[in-house]
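First up is the structure itself, then whatever we jot down about it.
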Amino acid sequence: MKRKEWVAEHYYVLLLLPGVVIIVLFMVVPLAWILRISFYEKIPGGYMKAAWILDNYKRFLGDAWYLKNILWLSFAATVFCSMCSLILAYPVALASASRARLQDSFRRD
């Protein structure tokens with residue numbers, strides 16, 4: 001298969017490539033880095049030692065303060081932001097859809 005034929009058949013892959021690269025670079029890599037650091041051992045003085053331990057997760061899931069103030073508030077903020085996005089986006093989407101429908105009715109006549 002020649003190069004031009006491959007590009008013609010798989011042009012959608014080339015269109016998706018920049019977006020995928022950006023997502024991997026700015027989202028997946030930092031999240032993987034955070035996950036890696038979450039297993040480090042905390043040393044007094046604010047230092048972290050590379051070790052594969054679960055102490056940070058034990059402390060987070062075992063302490064009611066973390067569950068109430070961190071996890072619950074994060075979940076509540078997520079629900080609040082999602083509801084605000086829906087409330088603000090629904091009228092815009094409705095107006096856009098009705099306008100498109102109105103334009104289609106003029107074109108058909």
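What to note about this one:
Yes/no matrix, rows are residues, columns are (1) assigned to a loop (DSSP other than H, G, I, E, B); (2) modelled with pLDDT of 95 or more:
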| position | (1), (2) |
| --- | --- |
| GLY45 | yes, no |
| MET48 | no, no |
| TYR57 | no, no |
| TYR66 | no, no |
| TRP72 | no, no |
| ALA77 | no, yes |
| PHE80 | no, yes |
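- Qualifying residue in segment 5-14 (condition: at pLDDT 90 or above and either in a helix (DSSP H, G or I) or not β-branched (Val, Ile, Thr) (or both)): no
The values are calculated or read from the model by the stated rules, or taken from the named source; none is laboratory data. Nothing here was measured: the structure is a model prediction, and the numbers come from that model.
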